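See structure below.
The values are calculated or read from the model by the stated rules, or taken from the named source; none is laboratory data. Predicted model only: the values in this text are computed from it and were never measured. Cβ sites come from the backbone with ideal geometry, for glycine too, and all protein chains shown count toward neighbours. Each accessible area value is taken on the protein alone, full model and side chains, heavy atoms only, with ligands, DNA and RNA left out. Shrake-Rupley method; radii C 1.70, N 1.55, O 1.52, S 1.80 Å.
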Amino acid sequence: VVIDDEVEIGENTVISSSCKVGRNSKIGSNCTIDSGVVIYHHCIIGNNVVIQANSAIGSVGFGYASIDGSHRLIPHIGGVIIEDYVEIGANTCIDRAKFDNTIIGAGTKIDNLVQIAHNVIIGKCCLICGQVGVSGSCRLADFVVLAGQVGMADHIAIGKGAIVGAQAGIIADIDAGAKVVGSPAINIREK
């Protein structure tokens with residue numbers, strides 16, 4: 001395990017083999033960080049958080065600008081905040097924000113093989129199942145469910161309690177309480 005300078009780790013937190021915790025990051029109490037997890041610099045992990053094997057927290061987001069005929073990475077100087085009681089599955093990636101923070105709300109559960117892009121804000125007690133891709137700057141309100149293989153365009157807002165069915169393609173905002181399926185996603189009653 002590699003722990004960089006100025007890292008804070010709370011009581012009863014277990015960090016398994018082959019992990020790295022970057023500079024100025026904070027991990028709360030009673031957390032479980034499984035083998036191979038990388039927590040980049042300037043990330044804040046709350047209390048009672050579980051991060052399963054080989055996940056990456058705070059990697060640079062996929063934000064490029066075309067300049068003089070080539071794609072150039074825009075610096076991502078923000079961080080990631082993971083609130084209390086969040087569980088993150090194996091091989092999941094949560095990118096840091098460009099300027100502020102990518103935020104995962106308290107009580108949210110994220111399955112294996114999920115990509116959360118830069119600047120995303122996820123509310124409390126959401127369920128995000130395997131192979132979901134949440135594009136940059138999306139906003140999920142509390143209690144949203146994204147079933148397996150949901151894909152979202154960038155800058156989408158999903159309202160409180162909405163349920164998005166497996167393999168749905170989200171290209172527009174979704175109202176609170178809506179239930180949608182398909183690609184592009186439509187109301188489940190219209191299917």
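Quick notes on this structure:
- Near pairs, Cβ below 6 angstrom, 6+ apart or cross-chain, from segment 7-28 (modelled with pLDDT under 95) to any residue that is open to solvent by less than 30 Å² (accessible area, probe 1.4 Å): none
- Residue that is open to solvent by less than 60 Å² (accessible area, probe 1.4 Å) and out of contact with any Cys (no Cβ under 9 Å at 6 or more places or on another chain), where the choices are Val38, Val86: Val86
- Identity of the residue in segment 63-112, assigned to a strand (DSSP E or B) and of a type in the set (Lys, Arg), that ends up modelled with the lowest pLDDT: Arg72
- Scanning segment 136-152 for residues that are crowded, with 20+ Cβ neighbours inside 10 Å and within 12 Å of the chain's Cα centre (by Cα) gives Gly136, Cys138, Leu140.
- Where a residue in segment 55-77 is free of Cβ contacts under 8 Å to residues at least 60 places away in the same chain and its partner, wherever it lies, is among the polar types (S, T, N, Q), with Cβ under 6 Å and at least six apart: Ser55/Thr92
- Evaluated against (1) open to solvent by less than 60 Å² (accessible area, probe 1.4 Å); (2) in contact with a Ser or Thr (Cβ under 9 Å, 6 or more places away or on another chain), Asn91 falls short on exactly one condition, (1).
- Cβ pairs under 9 Å, 6+ apart, first in segment 154-183 and touching a residue at least 12 places away in the same chain (Cβ under 8 Å), second surrounded by 15 or more Cβ atoms within 10 Å (Cβ to Cβ) and acidic (Asp, Glu): Lys160/Asp142; Gly161/Asp142
- Take the conditions (1) open to solvent by 20 Å² or more (accessible area, probe 1.4 Å); (2) touching a residue at least 12 places away in the same chain (Cβ under 8 Å); (3) out of contact with any Asp or Glu (no Cβ under 7 Å at 6 or more places or on another chain); Cys129 misses just one of them, which is (3).
- Looking only at segment 153-172, residues that are part of a strand (DSSP E or B) and open to solvent by less than 10 Å² (accessible area, probe 1.4 Å) come to 3 in all.
- Residues considered: Asn187, Asn101, Asn91, Asn112. Of these, the only one that is polar (S, T, N, Q) and on the phi > 0 side of the Ramachandran plot is Asn91.
- Of residues in segment 67-107 being of a type in the set (S, T, N, Q) and under 18 Å from Arg23 (Cα atoms), the one farthest from the chain's Cα centre (by Cα): Asn101
- Residue in segment 95-111 that is open to solvent by 30 Å² or more (accessible area, probe 1.4 Å), under 22 Å from Val37 (Cα atoms) and among the hydroxyl-bearing types (Ser, Thr, Tyr) present: no
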